[in-house]
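Heads up, the thing below is written out as structure tokens.
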């Protein structure tokens, strides 16, 4: 049975003190219980990770970085390597978020290097894929997602690929208040699972977790998560309020 996951991506929000407070609030709520077979992850800014690993129960609320460098070490001012992320106590790393692609020019080739380094350092990648509005309107969304997944992930062995979590984020629905309909979400998640089936076989595809990311909130989470191939969410703005985030977790 594949794992359900709800991951909160805080993006560039919360000072260290604010982050400690939010993480502790989430930890206390999660201690009250979560649905069976569900894992909770938070992805705060880098500077929070080492401190939060001491402050919260990381077997209950797991930690993720929001990114890592595409090089292992060296003269790359401002970058954080996968090994550094691992040393903080984080277990996961988000790779390929649409904001990294858009604002920092990250290509599938760069993301492939990040995937390799994450796995080498025993981090579980949360790999993001998804189309922008023009691509959706031009009916290119399947082609775009196929390229993003195959170019950055399909070089992996079956064992390596089993450590990947895929997050589908329709870029046109991120931070816009617009959400993909449950039917649109299910259609793309089923398509992604079929891509994995074609490459690695049905057993691998049935076990991989595929998350939805894109204006998911307490009011629509249950409807989105009720789809057969939607295994939870990568949550942005709604993860910045502990009560809202916990309500989404309870909707899985």
(request) Would you point out which residue out of 89, 105, 19 is touching a helix residue (DSSP H, G or I) at 6+ places or on another chain (Cβ under 7 Å), farther than 22 Å from residue 231 by Cα, surrounded by fewer than 19 Cβ atoms within 10 Å (Cβ to Cβ) and modelled with pLDDT of 95 or more? (result) 89
(request) May I ask you to say which residue of 43, 82 is within 17 Å of residue 118 (Cα to Cα), at pLDDT 95 or above and out of contact with any strand residue (DSSP E or B) (no Cβ under 6 Å at 6 or more places or on another chain)? (result) 82
(request) Counting only residues that are under 18 Å from the mean Cα position of the chain (by Cα) and within 30 Å of residue 56 (Cβ to Cβ), give me the helices (runs of 4 or more DSSP H) lying completely in the range 83-162 with at least 3 of them. (result) 98-104, 108-120
(request) Please state which of the following conditions residue 64 fails to meet, knowing it meets all the rest: (1) in contact with a helix residue (DSSP H, G or I) (Cβ under 8 Å, 6 or more places away or on another chain); (2) under 29 Å from residue 172 (Cβ atoms). (result) (1)
(request) Considering only residues that are in contact (Cβ under 8 Å) with a residue 40 or more places away in the chain and farther than 28 Å from residue 162 by Cα, look in the range 1-16 and name the one that is surrounded by the fewest Cβ atoms within 10 Å (Cβ to Cβ). (result) 13
(message) Residue pairs, Cβ under 7 Å, 6 or more apart or interchain, first in the range 192-216 and touching a residue at least 60 places away in the same chain (Cβ under 8 Å), second part of a helix (DSSP H, G or I). List them.
(response) 192/145; 192/149; 208/196; 214/173
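The values are calculated or read from the model by the stated rules, or taken from the named source; none is laboratory data. Nothing here was measured: the structure is a model prediction, and the numbers come from that model. So basically every Cβ, Gly included, is an ideal-geometry build from the backbone, and we count neighbours across all protein chains shown.
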